[in-house]
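Have a look at the structure below, then the notes.
The values are calculated or read from the model by the stated rules, or taken from the named source; none is laboratory data. Just so it is clear, the model here is predicted, and its values are computed rather than measured. With ideal geometry, Cβ positions are generated from the backbone for all residues, glycine too; neighbour counts draw on all protein chains shown. Accessible surface areas use protein heavy atoms only, side chains included; no ligands, DNA or RNA. Shrake-Rupley method; radii C 1.70, N 1.55, O 1.52, S 1.80 Å.
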Amino acid sequence: MYSKDGNMKDIKTPRICDVVWHNGEFIKWDDARVHVMSHVLHYGSSIFEGIRCYSTKQGPAVFRLREHMQRFLNSARIYRMDHPWTMDDLCNAAVELIRQSGMDQCYIRPILFRSLDEGHPAFGVNPFPNPLACYIGAWDWGKYLGDEAIEQGVDVCVSTWNRLTPNSMPAMAKSGANYMNSQLIKMEALLNGFAEGIALDDRGYVSEGSGENIFAVTGDIVLTPPLSSSILPGITRDSVIQICQELGIVVKERTIQRAALYVADELFFSGTAAEITPIRSVDRITVGRGGRGPITEKIQKVFFEITKGERPAPGKWLTYVNETKAAPAENNGHAPAKVRDDSDTTPILSFQTATQD
Ligand SMILES: Cc1ncc(COP(=O)(O)O)c(C=O)c1O
């Protein structure tokens, strides 16, 4: 029933950080456990983030840390998760975790969820009686859609599963439960021999991949679905929009029909895990010339130069881990360090958008 490939292949994980940040302290990886009766396991009550830290000449640098943490805080607010963590607490914790990991590059995973009060257990859907737990883990993660994907592109399909409707599950919150929908899209794609699936929204317009936003290039114009197409407001998507604007490439948010995917000159995914990955075919129809197109390559090149700290970003996008103050000794080295933060200080409530049509 299941394809061996779909089950076995996964992203390379060369290293995992052996400490995890938990509710303000650093604990061992082996101690980062939950009870099986935790609310989150039964009712999907978690919100999370995925952040990349890149290797640069000045040491590890976190890409758009504050924007990711702002989305984390927004997701928590949407799900009425009343927690004590501030933007600075979370940013400091992530930076200190990377420092403790000794890794030069990694993927960072903050997660906030409803757990179980073992003294006063609550088993119903009502989430409020359950305590919240916040963790941050980190690992070194390879190329999300395969090692060759960044240059050669990936073969994808349009999923038979639709993305979430705005009044059922909010796509703008990065909640664990949304990823049940992503898993349906991903499993179907893998079992049919594709690297990824593209979901349409409930009206039939292109929404996004199971874990990526999507861009189409037609002539010299770059198009991407608007937030109203039930997408996650991707931080890489926002970075692509800003890079296009800086390069003088016209970029527009526009509803995209499924058939427009088949006749686009270029298509690519954007995402923290997938970075910028070209799409070379959709439903076995070749996109453009069937590889990475010139505009995708141009945007990709600038994106990677920025993440490596080799080119100035349109905003202050990198937080350099080595330029933060050390954790105070009286806290046993476990208190969050003060972060010297290069990111914009203005809270980002909605991400910069392209021209709307
Ligand atoms: C469903 C979905 N859409 C889009 C994205 C891309 O968002 P970002 O660029 O912030 O990683 C992701 C990845 O987090 C995702 O899971």
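Looking at L247, L232, L191, just one residue is within 16 Å of the ligand (Cβ to nearest atom) and at pLDDT 95 or above, and that residue is L232.
At least 1 residues being closer than 28 Å to E49 by Cα and among the hydrophobic types (A, V, I, L, M, F, W, C) is the threshold, and among the helices (runs of 4 or more DSSP H) wholly inside the stretch 201-320 those reaching it are 235-247, 294-307. Filtering P294, P226 for residues that are within 14 Å of the ligand (Cβ to nearest atom), modelled with pLDDT of 95 or more and surrounded by fewer than 22 Cβ atoms within 10 Å (Cβ to Cβ) leaves a single hit, P226. Against the criterion of being within 15 Å of the ligand (Cβ to nearest atom) and crowded, with 21+ Cβ neighbours inside 10 Å, L184 does not qualify. Residue count for the stretch 35-67 satisfying the condition of being within 20 Å of M180 (Cα to Cα) and either in contact with a strand residue (DSSP E or B) (Cβ under 8 Å, 6 or more places away or on another chain) or assigned to a strand (DSSP E or B) (or both): 11.
If we keep just the residues of the stretch 197-209 that are open to solvent by less than 10 Å² (accessible area, probe 1.4 Å) and touching a Lys or Arg at 6+ places or on another chain (Cβ under 7 Å), which is nearest to the ligand (Cβ to nearest atom)?
Going through the stretch 197-209, the residues open to solvent by less than 10 Å² (accessible area, probe 1.4 Å) turn out to be 197-199, 201, 206-209.
With touching a Lys or Arg at 6+ places or on another chain (Cβ under 7 Å) added as a condition, the list becomes 197, 199, 201, 206-208.
Numbers: G197: 11, A199: 9, D201: 12, V206: 13, S207: 9, E208: 5 Å.
Applying the filter and picking the extreme gives E208.
What about G176, is it of a type in the set (G, A, S), away from the ligand (no atom under 16 Å from the Cβ), closer than 29 Å to I198 by Cβ and in contact (Cβ under 8 Å) with a residue 60 or more places away in the chain? When the stated conditions are applied, G176 does not pass them.
P336 fulfils the conditions (1) in contact with a Lys or Arg (Cβ under 6 Å, 6 or more places away or on another chain); (2) modelled with pLDDT under 95; (3) not hydrophobic (A, V, I, L, M, F, W, C) except for a single criterion, (1). Open to solvent by 10 Å² or more (accessible area, probe 1.4 Å), without any contact (Cβ under 8 Å) to a residue 40 or more places away in the chain, closer than 19 Å to K298 by Cβ and not basic (K, R): is that true of G248 in this structure? Yes. Please go through the stretch 70-111 and pick out each residue that is assigned to a loop (DSSP other than H, G, I, E, B) and of a type in the set (F, W, Y). Once the filter is applied, which keeps residues that are assigned to a loop (DSSP other than H, G, I, E, B) and of a type in the set (F, W, Y), the stretch 70-111 yields Y79, W85. Considering (1) within 13 Å of the ligand (Cβ to nearest atom); (2) open to solvent by 40 Å² or more (accessible area, probe 1.4 Å), the lone condition that T218 does not fulfil carries the number (1). Residues of the stretch 138-162 being open to solvent by 20 Å² or more (accessible area, probe 1.4 Å), closer than 23 Å to R280 by Cα and modelled with pLDDT of 90 or more, which ones? Correct list: I150, E151, Q152, D155, T160, W161, N162. When the residues of the stretch 255-290 are filtered to those that are farther than 23 Å from L191 by Cα and buried (at least 18 other Cβ atoms within 10 Å of the Cβ), which remaining residue is nearest to the ligand (Cβ to nearest atom)? Here the answer is T272.
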